[in-house]
Every structure is written in C-alpha cells, then in structure tokens.
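Novice: Once you've had a glance at the structure underneath, I'll fire off some questions.
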Amino acid sequence: MKKYLCTNMASNKNIFKGVNDRFHGVTVDSEKEACNTEEFPNKLNESLTHWTNSKTRCVWFKVCTEQAEWVPILVKNGFNFHHAKHGFVMMYKWLPSQEICNLPTFANTLVGVGAVVINNNNEILVVSEKFYDRPHWKLPGGYVEPGENLIDAAIREVQEETGIDTEFISLLTLRHGHFGLFDCSDMYFVLALKPLTQNIVKCEREINFCEWMDIEKYLGHPHVHDLNRFFLKKYLEYREKNIKIHCDHGIHAVVKKPYTVYHAINHIH
C-alpha cells in the first residue's frame, strides 16, 4: 500500500501522532515516537480510541528491533503481522467493523533475470553453477535486487558471474511460476545482451565452469534444459524477424515515481 504522508493533527501527548495516508490509514514508527514499555499499553489504548472515533481505517505499527517488546502488547490488542524486513516488523489492525479488510498482502513474487549473450562467432555465453546437484549448462543470471531495473540486473549478473561487460539489446521472454523459494511466486525475465568484451573471468565463489559455446552445440547439448533451449530459439527467431522488445522510461502521473515500460518494435541487431 503506497502512502502519501501528511501530519496527523492529534495533539494529545498520550496519543501516537503517526502519519496519515490517502487510504485513511495511519502509520506509527517506533523509532520516531519512542515510548517505554510501561507507558505503551495505555498510550496504545488511548490512540486506538482516538483513531476509531476519527474514522481511521487501518493502523500500522512499524516496530524496530530496539522496540521489539512492543510486539506482544500489539498482538494482545488485536494487531497482526503484515511483513518484516531486516531491522523491523510491520504490524496492522483494521478498525472498521462494518467494512471488509481489503489490505493487499505483502510482496509475494521473486524476480530473476537470465541473459542470452551471443558474440560475433555465433557463440552463447553459458555457465555451470557450483551448488547444483547435476551437470548443466545454463544462462548467466540471478535475482533482481530491490529497486534494481531488469536491464541493470542482467548486466550486473553477467559481469559478476563471467566478467563479461554487456549492453541491452532486447527483452526476449519471461517465465512465471509458483511455490518457489519462501513459497513465493517467481518471475524470470530473459534478456538479450550484446557482449562488449570477450575474455571470461568467472566468479570463483558461484561458478564451476563458464565458456563461449557454439549455439548449435548448445541447442543439442544433453546438459541443457529444454526451457533454456527455448530461450535461445526465441533469440534466434527475434533476430531473424528483426523483432525487438524495447524499453522506455517515464514518470508515473499519480505517484510521481520512475517506471520502465517494455514494448515490441520491428528492429533488432
């Protein structure tokens, strides 16, 4: 839930101020509104009364590690866990008794990238990972970091795993699945990248083997998964038909945040 912050006008010192959002909710940050454990239950009760009377819909408490003793008190007062990150847990309580709670769940999808990197010799850059229980050749890639764009993630992963510098050509395809790591859904985006260097310097920590492999050999190799063969075939199809899935950048009209939109154009090198 995106929040647009404004100051809560509650002035009573026995009431948490928090910050209001456009959904008529309020968020209290334990680092910004310190309260000792002895005073916390009473201040919480008075705050809940105030928020209920003022038609607040949802109350959020961002409880940092230093104030972790607040957690059992919040639970006793009807708060539930929404999500946690390093250093804090976010808890919430839905106040309207006549309105169904329609809060979105926390982020439930992991995003990964793989890169099809083809050099001028019609060879594909492939890796074999250290911590995999059977022989394989796969595309370099990995998980997208928070706040990282797909293109930046693919370029970074290729450089980290193989030492090869690249630039973006096209988005190729994506795979979507469920019940993956941490019981999250998983989206795996495959991008075509152009190599700017040729000399491989593999990551000793993660990669067993890395090489430039002839694409025909790759397509017929017994240690290549069918899905990875499909990704390469899509690259070759796009190249033959001069198709490119390009990206443009913009600023969202409402939330004023940057975004990237991908769309097909009839041109690929």
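Each reported figure results from applying straightforward, stated rules to the coordinates on display, with no laboratory input. Source: prediction; values computed, not measured. Positions of Cβ are generated from backbone atoms using ideal geometry, with glycine treated the same way; all protein chains shown enter the neighbour counts.
Novice: Taking the Cα centre of the chain as origin, sum charge times position over the Cβ atoms of Lys and Arg (+1) and Asp and Glu (-1), and report the length of that vector in debye to the nearest 20.
Specialist: Computed charge dipole of the chain: roughly 960 debye.
Novice: While we're here: Tell me the angle of helix 40-53 to the major Cα principal axis of the chain, expressed in degrees between 0 and 90 and rounded to the nearest ten.
Specialist: Helix 40-53 sits roughly 90 degrees off the main axis of the chain.
Novice: Wrap a convex hull around the Cα atoms of the stretch 109-265, take a quarter of its surface area, and give that in square nanometres.
Specialist: One quarter of the hull surface, i.e. the mean projection, equals 10.3 nm².
Novice: May I ask you to order 237-245, 128-136, 215-223, 27-35 by the average number of other C-beta atoms within 10 Å around their residues, highest value first?
Specialist: Most protected by this proxy first, the peptides run 27-35, 237-245, 215-223, 128-136.
Novice: Scale the Cα Rg of the chain by the rule-of-thumb value 2.2 N^0.38 Å and send over the ratio, two decimals.
Specialist: Ratio of Cα Rg to 2.2 N^0.38 Å: 1.36.
Novice: Now for a separate question. Computed from the mean reciprocal separation of all distinct C-alpha pairs, what Kirkwood hydrodynamic radius does the stretch 6-94 have, in Å?
Specialist: It is 13.0 Å.
Novice: Among 243, 192, 164, whose Cα lies farthest out toward the positive end of the dipole of the chain, if unit charges sit on the beta carbon of Lys, Arg (+1) and Asp, Glu (-1)?
Specialist: Of 243, 192, 164, it is 243.
Novice: Moving on. Among the lysines, select those whose C-alpha is under 17 Å from the C-alpha of residue 13, and discard any that sit fewer than 8 residues away in the same chain.
Specialist: Of all the lysines, those that pass the test against residue 13 - Cα under 17 Å, at least 8 places apart if same chain - are 32, 43.
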